1. At 7 Å along the Cα-to-beta-carbon direction for both residue 170 and residue 541, put a label point, then send me their distance in nm to one decimal.
2. Could you report region 221-268's accessible area per residue, 1.4 Å probe, as an integer in Å²?
3. If packing is taken as the mean number of other Cβ atoms within 10 Å per residue, what is the order of 127-133, 554-560, 490-496, highest first?
4. Ordered by residue, what ³J(HN,Hα) values in Hz, to whole numbers, does region 34-51 give under the Karplus form 6.51 cos²θ - 1.76 cosθ + 1.60, where θ = phi - 60° and Gly and Pro are x?
5. Quick one: which residues, 5 or more positions from residue 618 or on another chain, have an amide H under 5 Å from its amide H? H modelled 1.01 Å from N in the peptide plane, none for Pro or chain starts.
6. Can you tell me the length gained on complete extension of the stretch residue 91 to residue 348, counting 0.36 nm per residue apart and subtracting the Cα distance?
7. Semi-axes of the equivalent ellipsoid for region 186-303, please: Cα gyration tensor eigenvalues, times 5, square-rooted, ordered largest first, whole Å.
8. Which of the peptides 726-735, 103-112, 662-671 is most tightly packed, and how do the rest follow, judged by the mean count of other Cβ atoms within 10 Å per residue?
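The values are calculated or read from the model by the stated rules, or taken from the named source; none is laboratory data. Quick caveat: nothing in here was measured; it's all calculated off a predicted structure. Here the Cβ positions follow ideal geometry from the backbone for every residue, glycine too, while neighbour counts run over all protein chains shown. Accessible surface areas use protein heavy atoms only, side chains included; no ligands, DNA or RNA. Shrake-Rupley method; radii C 1.70, N 1.55, O 1.52, S 1.80 Å.
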Amino acid sequence: MDSGNGPTLSTVDRSAAARRGGNVWLLLGMALAIVGAAAAFMLLGRAQAQPYILGLLAVLAMVGLFALFAYAAGILRLTDRQIDDPVTRAVVDNAFDGTLVTDAHGHVVYANAAYLALTGATGAHDVRPVERVFIGDPDVSEVVFRLLKAAREGRRLQEEVRLAPAPGAEARWLRLRVRPLGGSKQDSRLAVWTIADISRDRERQENVFQELRHAIDYLDHAPAGFFSAAADGSLVYLNATLASWLDHDLAQVGSGGLKLSDIVSGDGSALLTTLTPLPGEVRTEVFDVELKMRTGKTIPARLYHKVAFGADGTPGASRTLVLNRARDAGIDPQRAAEVRFMRFFNNTPMAIATVDKAGGIVRANARFARLAQELGADERSILATVADRRELGAAIARAAEGQGDIAPVEANFAGKAERSGQFFVIAVEEEHDAEAAIVYLLETTEKRSLENQFAQSQKMQAVGQLAGGIAHDFNNVLSAIMMATDFLLGAHKPTDPSFHDIMQIKQNANRAASLVRQLLAFSRRQTLRPQVLDLGDTLNDLTMLLRRLIGEKVKLDVVHARDLWPVKVDVSQFEQVIVNLAVNARDAMPEGGRLTVRTANVTAEESAGLAAKGMPRGDYVLVEVTDSGTGIPPDIIDNIFEPFFSTKEVGKGTGLGLSTVYGIVKQTGGFIYVDSETGKGTAFRIFLPRHVADKDDAPETPAVNGRAAAARPADLTGRGTILLVEDEEGLRSLNARGLRSRGYTVLEAGNGLEAMDVIEARNGAVDLVVSDVVMPEMDGPTLLKAMRGRNPDLRIIFVSGYAEEAFEKSLPDHGQFAFLPKPFTLSQLVAAVKETMSAK
């Protein structure tokens, strides 16, 4: 080893020996020499000894000064005696792994015998640092570079390298490590290198790897399928045979790409993931299921499913053997029949299980396993699936005694009050120790929901018909009252003492008419004037009114969606809906709160994903009214849309607010749903159909079919012959009197047949017909058809307490008529007559 590589091994040893040679005896000898010299100087006398004393002090001073310079330059060091511990030195010297210590410049400070042997050094003069040992080997150079960089940075690093074999020799594997000598600043300048020969370890690893490859190869190409599934149903392993059967890519396995439900058809995967846990034990079950190919086809298979459970009952990954039974089915007729039965048993939509006398499950099909998994019930007992066990337990007990004709048991599922099922229990005919009964389970959740919806719909329809009928008859009474008050007001001056009483009658009649309109709204028989509008603009116009209605304690937020789709609604009725909901929200927040009105577009995809019952897929505009009030109790939330149902104090509500909202929304073609949580608030969500303009749609014109409002003429007098058809004699006479007072000639008829007689008697010389809709013998639509057959240009006004849509379907296509809803005042009647007769 040349001098450029730093001190040799012998030099390192000698310097260490010199440090170890310094001891207390040397120190004592130097002290005795100085004391002896001082005694000799005293014997010589002060005068003679003074030059010698000065000389000795000068020598000692020079030695001390040179020692300080040597210490500062690093030539002289104060050595820790623990470094030279002979035990530590012996351990390092005789270690199996080669150890090398280098300084910051890469010079060798120390090397043990194992390092010399591993690097091929013949002696201390031949010791080389690591980078020079492996110089020229390109496979190792990169590794050594990373180690040198770590040594310079004071980091730890480990690498493994393969040395190319010499001719006739085997390749070697070395593990190289580098670390700082210590944590102090001086020790951190020294790097400790360790070299270990790991060739034999690598050889053993290679052998194990080869054996594992052979085992996997044997398993992959075995004549049976095999897979391993985790507890969550994800596939951990799938052999090549099973992958070939199912036409799946092995690259998807283990990466979360495949699950049991991807390879097991129907509910069969639930059989494998719902085994009853046995802590600390191993369960092996046999299942006959259908495997699912990637193309969608199925293969009958028998699974030997083995699962080990931990001490806490946690299942480990399964070990599942798969036998393809499709091949057996063509060979053995008995096996073919068994395959067909298991296919029927596991694929039926009805859950089936055999149980013992106590309700313990002996066997179950895939549908039952899936249902138990969804309910989170204990699969060991069928009684655990129901909330009330008494009826089902009694049915199983009767079946265990051999009784027949056991009535089906209706029960709610345990923990799932909104889900229910019907259990059919049948006794097992054969004597069997374990199986006492067969239980067929059919979930009836959807059926019950539909029955409840239908019953509610029938109830609401019946109440609506009753309300509509009452409203129609009441409208006739109100029309007579309002017409009579108009005559009385016309005959009395404001200074008349009875004028005030007449006004009270009229105001109360108007209030009664308002209540009737709410009844008609609930029964969906009121007259609507729909028009295409932007709900955002309508809500903006309504904001000021809403703020006055809800008061200062309640904060109003109106949130509009961008590019809101148009809808076709009656603007006044829609405003009534929002006002009613806002008033209810205000009453639910007596201490104040927040009222939010939000709009949004709901696409067909979004509507299909909503849990809204009865609402078909389509584009809708959502209007959501949310409050932070007291909420609606769950026990009454199903009754809030019923007429006259109210939770308010007597005199503070009619019970028609929400029923009116319900009727208007339904008549418009929309849907309304409510979500509420007691103490947190309520949200009403209204879905109105998106209006899409039709090219064939004609613009709406005033007074045609009564669908658009027109400015009423100031002069309500006129001329012409009017045929008034009304079955209520008192109302007919009042209407006739009012029209005559405005200059018209009025002919009267009590029903449609009388009206036709009048027309024939006058040879059709009638300018206008004002007719009721619902009349005995001949109703209004039939009268219209008969009259138009004689005179196609005859003008007609229908008056009714029902909505015009209620009878419009009975009219011929494009039948032109005007409509005036009851109750009406005299001025409204003569205005409609003037407007219709003036139309061209």
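1. 9.6
2. Numbers: 1920 Å² over 48 residues.
On a per-residue basis, 40 Å².
3. Values: 127-133: 19.4, 554-560: 14.9, 490-496: 10.1.
Sorting 127-133, 554-560, 490-496 by mean packing, highest first, produces 127-133, 554-560, 490-496.
4. The phi angles translate into 5, 5, x, 5, 5, 5, 5, 5, 5, 5, 6, x, 5, 5, 6, 7, 4, x Hz.
5. 607, 608
6. Details: separation 257, 0.36 × 257 = 92.52 nm, distance 7.55 nm.
Gain in length upon complete extension: 85.0 nm.
7. On the way: eigenvalues 347, 73, 49 Å².
Gyration-tensor ellipsoid for region 186-303: 42, 19, 16 Å.
8. On the way: 726-735: 19.1, 103-112: 16.8, 662-671: 21.5.
With the highest mean Cβ count within 10 Å placed first, the list reads 662-671, 726-735, 103-112.
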